[in-house]
Amino acid sequence: MTVLPIGGGTGGARGAARRQRPDPAVRRASRTAVRRALPFATPFLILFLAIYVIPICYSVYQSLFTVNRSGLGLTASEPKFTGLTNYARALNDPAFLGSLRRVLFIGAVQVPVMLLTALALALLIDAKVAPGTKIYRIIYFLPYALPGVIAGLMWSFLYAPTLSPVVRGLEAIGVDATFTSDAALPYSIMNILTWAWTGYNMIIIYSSLQSIPHDVVEAAALDGASKWKTAWSVKVPMVRPAIILTAVFSIIGTAQLYNEPVTMKAVAPNLSSDYTPIMSALKTLTSNYPYAATKAVLLAVLIGLCSAVFFRLTRQREPV
Amino acid sequence: MRFTRKAAAIAAGATALALCLAACGSGGKGTKGGATTKNGTPVSIVWWGWAPGYEEAAAAFNAAHTDVQLKFETISAGTQGGYDKMLTAVKAGNAPCLGQVGAETFTSFVAQGALEDVSEHLSGAADKFPEAAWKTVSLDKAIFGVPVDSGTMGLFYRADLFQQHGLAVPTTWDEFKAAGKKLHEADPTKYIANLPTDAYNYSGYAWQAGAAWFSAADDAWSVTIDSAENTKVADFWQSMVDEGIVSTFPSWDAALNAAWSDGTVLSEVGAVWTAGILESEAKASSGKWAVAPMPRWPGSDAVGNVGGSPNAVLKGCKNPKEAAAAALWLSTESASLEPMIAKGGLYPASTAGQALPIMKQGREFFGGQAIFEVFAQESAHVNPAWQWGPVMTVTSSALSDGLGKVGLKSGTIADALKGAQTKTVEEIEAQGYALK
Amino acid sequence: MTARGARPGAGSGGVSGSDLSTSRPGGRGANSSGRGPGRAMGSDGSPLGRVGPASRALVMFVMTLFAIYCLAPVWWLMVGATKPAGTLFTGNGFWFTDISLIENLQTLFAAQNGVFLAWLRNSLAYAVGGALVSTLISVMMGYALAKYPFPGRRAVFGVVLAAVFIPAPIFAIPLYLMFSGTGIINTFWSVFIPCTVSPFGVYLARIYAAESVPDEVIEAGRIDGARELRIFFQVAIKMMAPAMLTIFLFQFVAIWTNYLLPSLMLSNARLQPVTVGLIAWQQLRGNPIGYSTVVTGALVSVAPIVILFLSLQNFWSKGLAAGAIK
């Protein structure tokens, strides 16, 4: 797999070299390897097939059918093969496209903000300028332990117009805060995501910073670089792989946004029931399964494309 | 009906005896398993629902029966996931035998093949219900369940605050709006009512006005959610929103409950079961509420209806006969209906239920008013011409989405209706129904 | 968060990922000569004194501000859980009024015949069981990929990795229908089985195995006449223990915080994990379960995982890197 910039690849080169000259000894060796690997690989492979591969194939298969009823439709429906009809419908469905746009916007704004914050906090903690860094680390990491729906529930109570202590507190000092208006909703959701995931990403970047060798930093210091400059021009480039990884997982995470908006709906009735692509797909899960499957497949393809493009972009800018 | 307590005692004794017999029997000739199980252990019927009072009704049923036992499980309200849950279970083949399926969703469930035709087990049951109520569970000759309650609408209002602000109880919508205006001018923090953001709560206003959403004729559906009649109703509510007369709290939210409790919102034009909601959610204002007939449109005496939930026999039920009989018992026996009426404010659908003495009793929350007498009179005026559609999950979520935007002025009720119309038509076409 | 952490893999992504990136010999940008046991002490062991007091105050201010942001909602949850029923939205939401946590807990555990305790038990069963099984099979798979050069393993690994990049709900949707068709839906297994597969765990395990289990050890075992499984369970598994704990922890968190999959699969309230149950309570028509009870339940549901975090704090900060010290 070439997509992961930090991939392991210990045996890759050797394997490739071997493949080029198939002599009997090698074939025997590989037969032995297969025999040895099977007991280890079988449990995972069976489950992986059942839980990942077959469902995806099944989704694609199902998405080629449409629910077909006749008349008043008071009898059971017959699925009918209709090729890409569902895909055409989804790509012309303003609600589905709208949900994609919304999530794209949320991701485009929230992911950079969150990662920059995480990077800054990681650098501050790593610089050990302030005491008590261990406690800060625990506190920042804490939100990650809360299930997304619980976080959503909690923030909903804090966003709720009229009931929230935050809203009432702001009102008391003359600020009219609405967290649930159409315009504010994306930002309210972004806030929950940032709250929940900044610490998590901070830890990733921080543990990457921890492994930067002393001599590199010391060399920079000897060259007369200030602490800020060292952080920016020496440390940050070195933790780039970690940042890229957090970015990719954040993109994937945003694309599957579901829990937070679903729990917020109780206090924000204007949050439409197809606010995100996953919500949109699940909406017709019981009544029109093939269409739900179509949306799921489309989303998977889009995420794959986005990840690939992102990796390509970040790789081209690689200085080394 | 009259012998409940005695019957319950006998039943309890009989249950104990039966259990003992079953246990003792299994020791002796346990090898003939099949027959022993059938005779010894009662048939267990699982029942899903969310209406208040159902749990007590199930207990009453169990006390009165030895051969069949109900197992009631509370689930999320239908539109909040309960229906999906039932459909999931039906697909999996492990659905409960009985489920609370609102009248509005009944057609959609039938269309998805999720219900069992139990007409052969319910012959003669139709006589026990008014024709309109029975219509909700039957389609052609098929019968899929038994109606429990109806959702005749009325005006729930804060008698104390109406008096305090010198408001007369409105009998027409124009008066209602005028009262709202007067109230709001006197005290801008108060609202006469709340605009529902729940599609079904809203549907009652359309129902009253005869503004049909669906009709089925010549084997084809027609969808008229954004018709001229519907726009009229929408415009009326929209004008109240624009003038700030009504509040726009989300339906079913704590904020609305608080607004009812503290007198921010003075009335609710809703179905009879709203009584149960108010009693549990606005406890602080107990004794201060009253009920009046629903305000009327000019030149019409029609009343709206919201919900009313039959118990449906779900597809895959292994004991449809017992399930149907249990559903009938639940809807017609006083032991079952009384807790539903007392706790949930449900207005029974069966003729026997409507004649119960409890229906004439005053309710503490409403200052001792016998509110069901109002609904008894009003139910005769419920507009009989209303048809629900085949893709109600899509319709209702689209409409609720739209209504949710009205309060923030990012959409109008008319927009909401248009959105629901478009999405419904789209879904109906995509699924291949005939459309006119 | 569950949407993000829903798939076991996504949750585990980062921390270990970065750990890997730094632990790999000759990692990008890192000068391998400088990598010694001491590096876990921090990138520059500068003492506190090297910056001016103004900068330090600024740094502390920023860090404290963010800490307050992280803690405030949790604080609200804690305060809310102590408020008497019906007063959740009255008074100051961020300060205690009448402390009635005990009463709230009693109401919580008594509601609906004590179903809350069942939910906690279920969450624990799904999370502990699922994480244990998935850790074991991930490590075995990763080991096979790293140590046995069978043909096609790169392809297999590629497919597994591709699965890391597809969000969990996308699998949940077809699984829902497949499980419906086979009658697995609405059973314990409908949630448990999907929890046992973690492609990201395999990714981690493969790299850990390549690094921490030397080929010589395996060869030595073979010379002693030991069978492959025995070498693995008696020797290799100990060397991979830190990696296994990492995989286990992240999988545990991912399962515990999951919502979508169990909410789709389970209609039986007695089988639900605590996340699904609590949200269902919140959505019950007419709120027969008060908001105070829901908030108390939310606090209780969060407690086990926070304890797990705090008690393993040392592991999180240092132990993660341990897999790298060969």
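The values are calculated or read from the model by the stated rules, or taken from the named source; none is laboratory data. Predicted model, so just to flag it, every value in this text is computed and none were measured. Cβ coordinates were reconstructed from backbone atoms using ideal geometry, including for glycine residues, and neighbour counts include every protein chain displayed.
A few notes on this one:
- Residue among C:204, C:177 that is under 18 Å from the mean Cα position of the chain (by Cα) and aliphatic (A, V, I, L, M): C:204
- Subset of the stretch A:255-265 [facing chain C (nearest Cβ under 8 Å) and under 16 Å from the mean Cα position of the chain (by Cα)]: A:255, A:256, A:257, A:258, A:259, A:260
- Filter result for the condition that a residue is within 14 Å of chain B (Cβ to nearest Cβ) and either buried (at least 20 other Cβ atoms within 10 Å of the Cβ) or of a type in the set (A, V, I, L, M) (or both), over C:231, C:218, C:185: C:185
- Odd one out for residue A:80, checked against (1) surrounded by 17 or more Cβ atoms within 10 Å (Cβ to Cβ); (2) assigned to a strand (DSSP E or B): (1)
- Annotation note: of B:41, B:37, the sole residue that is closer than 26 Å to residue B:314 by Cβ and modelled with pLDDT under 50 is B:37.
- Residue satisfying condition, being at pLDDT below 90 and either under 21 Å from the mean Cα position of the chain (by Cα) or closer than 25 Å to residue C:170 by Cα (or both), within set C:253, C:274: C:253
- Positions within the stretch B:332-388 being assigned by TED's automatic domain parsing to the domain that holds residue B:127, part of a helix (DSSP H, G or I) and among the hydroxyl-bearing types (Ser, Thr, Tyr), in sequence order: B:332, B:334, B:336, B:351
- Filtered residues of the stretch B:284-306 (kept if outside any strand (DSSP E or B), touching a residue at least 24 places away in the same chain (Cβ under 8 Å) and surrounded by fewer than 24 Cβ atoms within 10 Å (Cβ to Cβ)): B:285, B:286, B:287, B:288, B:295, B:297, B:298, B:300, B:301, B:302
- Scan the stretch B:382-422 for residues that are more than 28 Å from residue A:70 (Cβ to Cβ), more than 18 Å from the chain's Cα centre (by Cα), within 11 Å of another protein chain (Cβ to nearest Cβ) and not β-branched (Val, Ile, Thr) and the total you get is 11.
- Close pairs from the stretch A:21-43: first farther than 19 Å from residue C:144 by Cβ, partner at pLDDT 90 or above and assigned to a helix (DSSP H, G or I), Cβ under 9 Å, at least 6 apart: none
- Residue count for the stretch B:71-86, restricted to those that are crowded, with 23+ Cβ neighbours inside 10 Å and under 12 Å from residue C:265 (Cα atoms): 2.
- Condition check for residue A:303: more than 14 Å from chain B (Cβ to nearest Cβ), free of Cβ contacts under 8 Å to residues at least 60 places away in the same chain, in a helix (DSSP H, G or I) and touching a Ser or Thr at 6+ places or on another chain (Cβ under 9 Å): no
- Out of B:326, B:335, one residue alone is surrounded by 24 or more Cβ atoms within 10 Å (Cβ to Cβ) and touching a residue at least 60 places away in the same chain (Cβ under 8 Å). It is B:326.
Table: residues versus (1) touching a residue at least 40 places away in the same chain (Cβ under 8 Å); (2) over 23 Å from the mean Cα position of the chain (by Cα); (3) at the interface with another protein chain (Cβ under 8 Å from one of its Cβ atoms).
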| position | (1), (2), (3) |
| --- | --- |
| A:117 | yes, no, yes |
| A:121 | yes, no, yes |
| A:134 | no, yes, yes |
| A:139 | yes, no, yes |
| A:146 | yes, no, yes |
| A:164 | no, yes, yes |
| A:182 | yes, yes, yes |
| A:190 | yes, no, no |
| A:197 | yes, no, yes |
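- Here the condition is being assigned to a loop (DSSP other than H, G, I, E, B) and over 25 Å from residue C:79 (Cβ atoms); of C:263, C:267, it holds for C:267 alone.
Every residue, every condition in (1) within 14 Å of chain A (Cβ to nearest Cβ); (2) free of Cβ contacts under 8 Å to residues at least 60 places away in the same chain; (3) buried (at least 17 other Cβ atoms within 10 Å of the Cβ), yes or no:
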| site | (1), (2), (3) |
| --- | --- |
| B:221 | yes, no, yes |
| B:230 | no, no, yes |
| B:236 | no, no, yes |
| B:240 | no, no, yes |
| B:245 | no, no, yes |
| B:250 | yes, no, yes |
| B:253 | yes, yes, yes |
| B:260 | yes, yes, yes |
| B:264 | yes, no, yes |
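- Residues (more than 14 Å from chain A (Cβ to nearest Cβ) and either among the β-branched types (Val, Ile, Thr) or free of Cβ contacts under 8 Å to residues at least 12 places away in the same chain (or both)) located in the stretch C:236-272: C:238, C:241
- Of all residues making up the stretch C:161-182, the number that are of a type in the set (Val, Ile, Thr) and at the interface with chain A (Cβ under 7 Å from one of its Cβ atoms): 3
- Residue count for the stretch B:243-280, restricted to those that are touching a Leu at 6+ places or on another chain (Cβ under 8 Å), part of a helix (DSSP H, G or I) and farther than 21 Å from residue B:180 by Cα: 2.
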